[in-house]
Amino acid sequence: MTVSRRNLLQAALFGTVAGAAAPALAQSAPRAASATPLGALGIEASQYGLRPGSTDDQSRILQNALVEAVKRDAPLLVAPGRYRIANVVLPEGARLVGVPGATQLIAAQAAPLLVARRIKRAAVSGILLDGLDIRIGQRNGLMAVDEVPDLGLADCEFANAGSVGLTLNRTGGRIERNRFRSMRDSALFSLDSRGLSIEANTVEDCGNNGIQLWRSQAGDEQSLIRGNRVNRIRNDAGGDGPNGNGISLFRAGGVIIEGNTLRDCALTFIRNNSGSGVQMLGNQGRRCGEVGLYSEFAFEGAIIAGNLVEDCAQGANITNLDHGGRLSVFANNIVRNAQKGLAPKGKELIGGMGVHVEAEASVTGNVIENASEVGISLGWSWGMRNLVATGNMVRKTGIGISVSLVPKERNALIANNVISEAKLGAVVGTEYGKAVTGDLTKAEDRRAAGVRVENNAVG
C-alpha cells in the first residue's frame, strides 16, 4: 500500500488520529481533491481556497467552508498559518479544528473574529485568535457567543484583545485548557450564563479583570471555575471593586471556585458580589493589593475553605450586613502576611487583617500568621451578631481577635483558640476599630456583655 505525500502531511498536522486513518486515506487518494470528509478527520479548509499567509481578508472563504463542513457533518480542519478574518459566524453544529499554537486567526478589523448566535452547539479547538491590540467596544470579545447552550472551546489561545478575549451571553458548555494573554479589559466576560465549566485555563496580563461571571439579576449560575492559573491582573480603569480582580462574580449564585492559583492581582484574587451559595475551595493566592478573598453585599451562604492566601493587605472579608451579607463559613484556611499599606491607586491605609466577618458566620480551624493589625475581626459598627471563632491558631498580630461592642445586643463565642504573640492583646473589645477593653482572656469586662470568651490558650 502506498501512502501519499498528502496523507503524510495530514498525519503531521493533526497527530495520532490522522496517523491512524492514513491507510484508509491513501486508498481514497484519487478523490482527495473533492469536498468529502477525509476519513474520521474532517474536511480541509484549503479545499475551499483558504490560504495561509495571505494578506487578503479571508472571512468569506472560511465562512463558506464552515457551512459546507456542517452540511457533511464533519469538522473543518485549518492547517498551520496566519489567516486574516472578522465576523465569521459559526453555524449550528460547527466544529472548527486547528493545530494548537500554529493555526492563527488574525483580526482583519475592529470586530469579533468568531461569532456564534442562537444555535444549540458549536466547538472550536486548537485555534489562536489574535486581536492585534486593535481597540474595540467595551466588553466586545475576540470571540462573541450569544445564547449557545452547548459550547465547546478547548486548547485555544486568545491574544492581544482590544477589550475582552471571550464574551458569553446566556451560554453554557465547557471552556477548557485555553490560554488568554494581553487583554485590555478581561480574559472572559459572561453575562446571564448557566452551567459553564471553566477549567484548566491560563489567564495572564489583563487590564482590569481575569474571569468574570455576571448576571443582570441575582440568580442560580451553577457554574464551575476550577484549576485555572490567573496571573498579573491590573486595575487600569480604577475603582475600588469592579476592577483589579482575578475572578469576579456579580449576582452569580451557586458557583464553585475550586483549586485555582492566582498571583499578582491589583485588588482581589476572588471577589463575590451578591452571589448566594458561592463556594471558594482550595485556591491559592499570592500578592494582591487589597483583600485576597471577598464575599460582600447581598449574599447568603458563603463557604470559604481550604484556601492559602499570602502577602495581601487583608486575607479575607465577609461583609456588608447592611446589604444582606450573611451566613458564612471561613474554615481551614491559611492566611500569612496581611500587612497594612496604601490602597492601590490611593492614599488611604488599608488592611492588616487576617479575616473580617460581620454576621451569622463561623470562623473555625484557620491558621493566621503575621497580620499587622488584627488576626480575626468579628463585627463592625452595628453589624455584629451570631459570630463564632473557635479552634483557630493566631500568631504574630497586633490584636489576636477583635470583637465589635458597638451594638447593644450582641452574640459571639470565642473559644478554644491558640493565640500567640499578639502584641496588643489576645481578645479585645473594640468600637469602630479602636480598643475599648483590655484583654478579655485575662479579665472580664461588663462592656463585653453577650461575648463569651473561654478556653483560649494564650502565649
Inset, instruction - State all residues of the range 215-243 that are within 12 Å of the chain's Cα centre (by Cα) and either within 19 Å of I303 (Cα to Cα) or outside any strand (DSSP E or B) (or both); if no residue qualifies, say none. - result: S223, L224, I225, R226, G227, N228
Legend entry - From L142, L151, L129, L105, residue being more than 24 Å from P52 (Cβ to Cβ) and at pLDDT 95 or above: L151
Inset, instruction - Would you tally the residues in the range 373-386 being part of a strand (DSSP E or B), out of contact with any helix residue (DSSP H, G or I) (no Cβ under 7 Å at 6 or more places or on another chain) and surrounded by fewer than 24 Cβ atoms within 10 Å (Cβ to Cβ)? - result: 4
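Matching residues to (1) assigned to a loop (DSSP other than H, G, I, E, B); (2) surrounded by fewer than 16 Cβ atoms within 10 Å (Cβ to Cβ):
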site	(1), (2)
S328	no, no
V335	no, no
I368	no, no
A371	no, no
P407	yes, yes
L413	no, no
E421	no, yes
Inset, instruction - Only strands (runs of 3 or more DSSP E) wholly contained in the range 246-305 count here; list those with 3 or more residues that are among the small types (G, A, S). - result: 284-296, 300-305
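Would you be able to tell me the number of residues in the range 109-152 that are among the small types (G, A, S) and under 17 Å from D185 (Cβ atoms)?
6
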Inset, instruction - Give me a count of the residues in the range 296-325 that are under 22 Å from S274 (Cβ atoms) and surrounded by fewer than 23 Cβ atoms within 10 Å (Cβ to Cβ). - result: 12
Legend entry - Residue list for the range 337-358, filter: part of a strand (DSSP E or B) and under 13 Å from N317 (Cβ atoms): A338, I350, M353, G354, V355, H356, V357
Inset, instruction - For the range 393-400, state whether one or more residues are assigned to a loop (DSSP other than H, G, I, E, B) and either surrounded by 14 or more Cβ atoms within 10 Å (Cβ to Cβ) or of a type outside the set (V, I, T) (or both). - result: no
Inset, instruction - Could you check, for the range 319-326, whether at least one of its residues is β-branched (V, I, T) and farther than 27 Å from N455 by Cβ? - result: yes
Legend entry - Selection count where residues are polar (S, T, N, Q) and within 23 Å of G341 (Cα to Cα), scope the range 249-271: 1
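In the range 64-82, what residues are of a type in the set (A, V, I, L, M) and over 10 Å from R95 (Cα atoms)? Walk me through how you get there before you give the answer.
Restricting attention to the range 64-82, the residues satisfying the condition of being of a type in the set (A, V, I, L, M) are 65-67, 69-70, 74, 76-79.
Listed by number, the residues that qualify are A65, V67, V78, A79.
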Legend entry - strands (runs of 3 or more DSSP E) completely within the range 153-213 that count 3 or more residues being under 12 Å from the mean Cα position of the chain (by Cα) and of a type outside the set (K, R): 186-191, 196-199, 202-206
Inset, instruction - Could you please give the count of residues in the range 411-459 that are over 20 Å from G398 (Cα atoms) and under 36 Å from the mean Cα position of the chain (by Cα)? - result: 3
Inset, instruction - Could you please tell me which pairs satisfy a Cβ distance under 9 Å, a separation of 6+ or placement on different chains, a first residue in the range 281-302 that is on the phi > 0 side of the Ramachandran plot and touching a residue at least 12 places away in the same chain (Cβ under 8 Å), and a second residue that is of a type in the set (S, T, Y) and assigned to a loop (DSSP other than H, G, I, E, B)? - result: F297/S274; F297/T319; G301/S276
Inset, instruction - Pairs only if they're at least six apart or on different chains, beta carbon under 6 angstrom, first in the range 84-103 and at positive phi and free of Cβ contacts under 8 Å to residues at least 60 places away in the same chain, second crowded, with 18+ Cβ neighbours inside 10 Å and assigned to a loop (DSSP other than H, G, I, E, B); list them, first residue then second. - result: N87/A111
Inset, instruction - Looking only at the range 136-151, count how many residues are over 17 Å from F180 (Cβ atoms) and either in a strand (DSSP E or B) or of a type in the set (K, R) (or both). - result: 2
Inset, instruction - Have a look at R336, R385 and point out the one that is at pLDDT 95 or above and of a type in the set (K, R). - result: R336
Inset, instruction - Check M353 against each of (1) surrounded by fewer than 19 Cβ atoms within 10 Å (Cβ to Cβ); (2) aliphatic (A, V, I, L, M); (3) within 20 Å of G379 (Cα to Cα) and name the one condition it does not meet. - result: (1)
Legend entry - Pair list, Cβ < 7 Å and 6+ apart or interchain, from the range 59-78 residues that are in contact (Cβ under 8 Å) with a residue 24 or more places away in the chain to residues that are of a type in the set (D, E, K, R) and outside any loop (DSSP other than H, G, I, E, B): P75/R95; L76/R95; L77/E44
Legend entry - Criterion: outside any loop (DSSP other than H, G, I, E, B), of a type in the set (K, R) and under 19 Å from S182 (Cβ atoms) - qualifying residue of R60, R82: R82
Inset, instruction - For I270, work out the one condition from (1) surrounded by fewer than 19 Cβ atoms within 10 Å (Cβ to Cβ); (2) more than 26 Å from P149 (Cβ to Cβ) it doesn't fulfil. - result: (1)
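The values are calculated or read from the model by the stated rules, or taken from the named source; none is laboratory data. Nothing here was measured: the structure is a model prediction, and the numbers come from that model. For neighbour counting, all protein chains shown are included, and Cβ atoms are generated from backbone atoms with ideal geometry for every residue, glycine included.
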